[in-house]
Amino acid sequence: MSADLGRILQRAQDLSCGQDAVRDKVVARLYQEAESLAREVVLTEKPARDWDSTIDDILTSKRYGYPSMLALLALVLWLTISGANMPSQLLARFLFAVEGWLSSLFLLLRAPDWLHGLLILGVYRCLAWVVSVMLPPMAIFFPLFTLLEDLGYLPRVAFNLDAFFQKAGAHGKQALTMSMGFGCNAAGVIACRIIESPRERLIAILTNNFVPCNGRFPTLIAMSNIFLGAAALNGGSILAVLLVAGLVVGGIAITLVVSRLLSSTLLKGIPSHFALELPPYRPPQVLQVIVRSVFDRTLFVLWRAVKVAAPAGAVAWALANIYVDGLSLLSHAAGFFEPLGRAMGLDGVILLAFILGLPANEIVIPIILMSYLSAGAMLELEGLPALRELLLANGWTWVTALNMMLFSLLHFPCGTTLLTIHKETQSWKWTALAALIPTAIGVALCFLAAQGARLVGLF
């Protein structure tokens, strides 16, 4: 059998017909035979209209497929950004009111100032910010994303992107593993097991971090909403949506570019091919989707963020309140990173927050918040507008926010993802590369953006 296949492939090459074309013809012929047999044995009283094929003619076509993907992404982000602002403010007001009650209780119990600072101004305030800023966007975004997944649209996304990954020298299934990365990069890395080729599986693992996961979407949405959304200017939500959608598309583009570079250098080889059978569209189980997205994604991610944010808040407060030579430990550490941060259009506090936020992406902004609050006036933030005022008071501009979003998209994976990469590759070398590659790209792009803004006088 293998000898016959070899002769067929050799004959195809002699006729200037590549192996890709042979595979496509074989698969197409198999489906033609299956459809022919089905027509012979299956009887229907009245031919039913094939709605799946009609919809796929639009959603998977070269003309309408990509605009449809971008439109759906923009719609999901617009609903998330527009709907999250007011709930975030209400939740923040409630949680910070609870902080006042807790402070009164500590005062009544005559608790020492350091204990009040550590537990209330450190741990609780960090948790309050995480919940108030992260919960509303996740409660909107995840059900919408799960709805598209339950409807059967995500395999169509993989189908549309398959040709791009083939041209990048990667496996077409990488489009599926990349889609999994939108939920969690660690889950996306595990999903790379569906790629049979070790070389192509490694490419998918090393590039999965370029799509934003659950932990980074709230940061992107919050930053865009603060500086371009309703918190910044009237009618700015559309600009905020376009910015986040553009960053997501940019992350996909960088995935393809890096995949191409890896397949041409460290991981040379010929890409393999696969046949993707699109599942039928299914009426979404709305109640099941809501329950699954709330418990399996929203609350799961929020609980993970809370578990990491609690000690992070304590550490940030301690670093800000332990002094050496007249400066806090936080100021010493932030000062060390300040030159690099300024060159990137950020500051030392932001870079330190990304480093301290290695356990989970969700706590980067809370650490920045705790750093700024510990260094200045203690401010009870009531939603995104108050956060914007705090950031502006600490020298932020729209360039800072943009580079914050860029570096959030393009920095080292979280600790969970790195451990997963090591488990999947059994190599610290590839794990280190998985951290260094996106971080180097993030530093370079932020540096170019900052220097370009300085050259034209915008920063």
Just one listed residue, out of Met405, Met370, is in contact with a helix residue (DSSP H, G or I) (Cβ under 6 Å, 6 or more places away or on another chain) and farther than 30 Å from Ala204 by Cβ, and it is Met370
The condition of being at pLDDT 80 or above and in contact with an Asp or Glu (Cβ under 9 Å, 6 or more places away or on another chain) holds, among Arg260, Arg199, Arg216, only for Arg216
Practice task
For the stretch 58-76, indicate whether the set of residues that are basic (Lys, Arg), at pLDDT 80 or above and not in a helix (DSSP H, G or I) is non-empty.
Solution key: yes
Item checked: Any chance Gly169 is outside any helix (DSSP H, G or I), crowded, with 16+ Cβ neighbours inside 10 Å and touching a Ser or Thr at 6+ places or on another chain (Cβ under 6 Å) -> yes
Taking the stretch 182-211 and keeping only residues that are of a type in the set (Val, Ile, Thr), part of a loop (DSSP other than H, G, I, E, B) and over 15 Å from the mean Cα position of the chain (by Cα), one is left with Ile195
Within the stretch 429-458, of all residues that are closer than 19 Å to Ala187 by Cα and not polar (S, T, N, Q), the one surrounded by the fewest Cβ atoms within 10 Å (Cβ to Cβ) is Ala432
Exception for Pro339 within (1) in contact with a helix residue (DSSP H, G or I) (Cβ under 7 Å, 6 or more places away or on another chain); (2) farther than 17 Å from Phe412 by Cα falls at (1)
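Residue-by-condition table, conditions (1) assigned to a helix (DSSP H, G or I); (2) over 23 Å from Ile226 (Cα atoms); (3) modelled with pLDDT of 80 or more; (4) of a type in the set (A, V, I, L, M, F, W, C):
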| position | (1), (2), (3), (4) |
| --- | --- |
| Ser82 | yes, no, no, no |
| Arg93 | yes, no, yes, no |
| Gly100 | yes, yes, yes, no |
| Ser104 | yes, yes, yes, no |
| Ala111 | no, yes, yes, yes |
| Leu119 | yes, yes, yes, yes |
| Val123 | yes, yes, yes, yes |
Among the residues in the stretch 324-335, are any modelled with pLDDT of 80 or more, part of a strand (DSSP E or B) and touching a His at 6+ places or on another chain (Cβ under 8 Å)?
yes
When the stretch 77-112 is checked residue by residue, the ones that are in contact (Cβ under 8 Å) with a residue 40 or more places away in the chain, surrounded by fewer than 19 Cβ atoms within 10 Å (Cβ to Cβ) and of a type in the set (Ser, Thr, Tyr) are Ser82
Checked the stretch 153-181 for anything more than 19 Å from the chain's Cα centre (by Cα), small (Gly, Ala, Ser) and either within 14 Å of Glu277 (Cα to Cα) or not assigned by TED's automatic domain parsing to the domain that holds Pro284 (or both); matches are Gly172
Check your understanding: Can you find a residue in the stretch 282-289 that is surrounded by fewer than 17 Cβ atoms within 10 Å (Cβ to Cβ), touching a strand residue (DSSP E or B) at 6+ places or on another chain (Cβ under 7 Å) and modelled with pLDDT of 75 or more?
Key -> no
Subset of the stretch 113-130, residues touching a residue at least 12 places away in the same chain (Cβ under 8 Å) and more than 12 Å from Gly313 (Cβ to Cβ), comes to Trp114, His116
Note: among Arg199, Arg193, Arg216, just one is buried (at least 22 other Cβ atoms within 10 Å of the Cβ) and out of contact with any Pro (no Cβ under 6 Å at 6 or more places or on another chain), namely Arg216
When restricted to Val306, Val364, Val349, Val315, the only residue at pLDDT below 80, β-branched (Val, Ile, Thr), in the same structural domain as Leu148 (by TED's automatic domain parsing) and assigned to a helix (DSSP H, G or I) is Val306
Over the stretch 280-298, the set of residues out of contact with any Phe, Trp or Tyr (no Cβ under 6 Å at 6 or more places or on another chain), closer than 28 Å to Val130 by Cβ and polar (S, T, N, Q) is Gln288
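The values are calculated or read from the model by the stated rules, or taken from the named source; none is laboratory data. Just so you know, these numbers come straight off a predicted model, no measurement behind them. Here Cβ is always computed from backbone atoms with ideal geometry, including for glycine, and neighbour counts include all displayed protein chains.
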